[in-house]
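This report refers to the structure that appears directly beneath it.
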Amino acid sequence: MERLVERLEKAVERLETVCQRPGMCEDGSSKGVAQYVQAFDALLAGPVAEYIKISKEVGGDVQKHAEMVHAGLMSERALLVMASQHQQPAENAFSSLLKPISEQIQVVQNFREKNRGSKLFNHLSAVSESIPALGWVAMAPKPGPYVKEMTDAAMFYTNRILKEYKDVDKKHVDWVKAYLSIWTELQAYIKEYHTTGMTWSKTGPVATEGAKSPSTPQAGAAPPPPGPPPPPAPAPTSSSTDDSASRSALFAQINRGEGITSGLRHVSDDMKTHKNPALKNQGGPVRSGPKPFTAPKPACNANNPSTKTSPKAPALLELEGKKWRVENQENASNLVISDTELKQVAYVFKCTNSTLQIKGKINSITLDNCKKLGLVFDDVVGIVEIINSRDVKVQVMGKVPTISINKTDGCHVYLSKNSLDCEIVSAKSSEMNVLIPTEGGDFTEFPVPEQFKTVWNGQKLVTTVTEIAG
């Protein structure tokens, strides 16, 4: 990873050196590289290089995430180079060309999902929520506003980073500024070169999935920053010629149809080992080789008590640094965390059929992969996040500003009188209910909408809750 960053820094230095020469970066068309490709290179050499540099200083998961973001940007650059030299393809072919970008977006988002316990989770979330902006190349007629919309999706997490590190570590504040500047500059770039959609060449062949741009720039053109390694291709050696000949011969044999069996030799009964056991003891040791594929056996069998099962992970309830870890608890109805501090967080993972009470004031709480869990807490100054869970009940005794429900089926939130101004943000979830206290001490239940209607009003998309008559 450090080698990748060093390559990027060296490429940026070469790009800046070339662009400082008179006339070298002023007219890209005269040098064989489209002007909008050179403008994208300037974006890579500026905001992107600064983001990579600061991410390296922050280190850890942020540095790894930045490497993935850079790979996505380089995939996008490769598509822009192709568009500058090819005519626009048909829609199905274009979808194939977009696949490397969409796959890299998924890689970035999966990294965040796999590292929800990271101390830099807000950084990962800011990137994960906004990285779909790379999909602007597929948007028309207004790709710029799409990038703006994706950037706004990161603001919730970048604001949390600024609030947490503003007076603690300026490096993280600079990281936020550098990252957001990528999308700000990208919007300006799109407005200038791709206002109504990605610009394709009017000449040249129609772009296809196998089309490739020249691997080396023409003399005088600014060298682009190095991208991710291309997929392996057969080396141009004599062996590749032999392989092609072998494949041609194979296809010729297949095309013979039933005639392909005409050259096979008849095997008599005395040559078959299952009819002549003496043959099994001849010929020396049996040739070893890879074992054939066999279907996996069922993981468990209720009628067979001797069936082995994977060992269970140990149950945890411990304080690790500033994080309370509550993991793998089953049928535990009296879990209590009482000695809390404002800077501490709680991470509850894979707990089933249990109840947890958190006393005092704490920074944040995360429920991840829990089932039939009851959570009762006093005060949270940050956020309560419920992720990938089922049938959970959360009761607020004091105050909480935000509750986030994501990829969860069945969630009941009991608010207190002091927490009625709580914001509840939900996505990809169902069967959510918020219970509001009444004067008599009971609760009134209100369902959270799950179905929406979106219409175009002539200027923008307008989304409203769908009312379904029962």
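The values are calculated or read from the model by the stated rules, or taken from the named source; none is laboratory data. Given the structure is predicted, the values throughout are model-derived calculations rather than measurements. We place every Cβ from the backbone using ideal geometry, glycine too, and count neighbours over all the protein chains shown. Surface accessibility is based on the protein's heavy atoms, side chains included, excluding ligands, DNA and RNA. Shrake-Rupley method; radii C 1.70, N 1.55, O 1.52, S 1.80 Å.
Can you tell me which residue among A207, A133 is modelled with pLDDT under 90, small (G, A, S) and crowded, with 18+ Cβ neighbours inside 10 Å?
A207
Could you identify the single residue in L335, L367, L375 that is buried (at least 18 other Cβ atoms within 10 Å of the Cβ), farther than 21 Å from K407 by Cα and out of contact with any His (no Cβ under 9 Å at 6 or more places or on another chain)?
Values: L367 fails: farther than 21 Å from K407 by Cα; L375 fails: farther than 21 Å from K407 by Cα.
Every option except L335 fails the conditions.
Checking the condition assigned by the TED database to the domain that holds E129 and over 21 Å from the mean Cα position of the chain (by Cα), which residue from E50, E67 passes?
E50
Restricting attention to region 413-432, report how many residues are open to solvent by 30 Å² or more (accessible area, probe 1.4 Å) and either over 13 Å from T402 (Cβ atoms) or among the β-branched types (V, I, T) (or both).
Within region 413-432, residues that are open to solvent by 30 Å² or more (accessible area, probe 1.4 Å) and either over 13 Å from T402 (Cβ atoms) or among the β-branched types (V, I, T) (or both) number 9.
Just for region 359-384: of the residues that are over 14 Å from K343 (Cα atoms) and not in a strand (DSSP E or B), which one is farthest from the chain's Cα centre (by Cα)?
The residue in question is C370.
For region 143-180, how many residues meet the condition of being crowded, with 18+ Cβ neighbours inside 10 Å and out of contact with any helix residue (DSSP H, G or I) (no Cβ under 8 Å at 6 or more places or on another chain)?
0
Going through region 116-146 one residue at a time, which ones are out of contact with any Asp or Glu (no Cβ under 6 Å at 6 or more places or on another chain), closer than 24 Å to I387 by Cβ and not in a helix (DSSP H, G or I)?
Listed by number, the residues that qualify are G117, K119.
Inspect all residues belonging to region 99-117 and state whether any of them is surrounded by 18 or more Cβ atoms within 10 Å (Cβ to Cβ) and touching a residue at least 60 places away in the same chain (Cβ under 8 Å).
Within region 99-117, none of the residues are surrounded by 18 or more Cβ atoms within 10 Å (Cβ to Cβ) and touching a residue at least 60 places away in the same chain (Cβ under 8 Å).
Out of all the residues in region 301-320, which are modelled with pLDDT of 50 or more, surrounded by 10 or more Cβ atoms within 10 Å (Cβ to Cβ) and part of a loop (DSSP other than H, G, I, E, B)?
Hits for region 301-320 are A313, A315.
If a residue has to be aliphatic (A, V, I, L, M) and open to solvent by 20 Å² or more (accessible area, probe 1.4 Å) to count, how many in region 181-197 make the cut?
Of the residues in that region, 1 qualify.
Considering only residues that are over 25 Å from V380 (Cβ atoms) and among the β-branched types (V, I, T), look in region 414-470 and name the one that is modelled with the lowest pLDDT.
Going through the qualifying residues, I end up with I468.
Please specify each residue of region 437-470 satisfying the condition of being more than 34 Å from the chain's Cα centre (by Cα) and open to solvent by less than 50 Å² (accessible area, probe 1.4 Å).
If the condition is that a residue be more than 34 Å from the chain's Cα centre (by Cα) and open to solvent by less than 50 Å² (accessible area, probe 1.4 Å), then P437, T438 are the ones that fit.
For M68, which of the numbered conditions (1) modelled with pLDDT of 95 or more; (2) among the aliphatic types (A, V, I, L, M); (3) open to solvent by less than 20 Å² (accessible area, probe 1.4 Å) fails to hold?
All conditions are met except number (3).
Residue-by-condition table, conditions (1) in contact with a helix residue (DSSP H, G or I) (Cβ under 8 Å, 6 or more places away or on another chain); (2) surrounded by fewer than 20 Cβ atoms within 10 Å (Cβ to Cβ); (3) not acidic (D, E):
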position	(1), (2), (3)
V33	yes, no, yes
V37	yes, no, yes
D41	yes, no, no
K53	yes, yes, yes
K56	yes, yes, yes
G59	no, yes, yes
K64	yes, yes, yes
S75	yes, no, yes
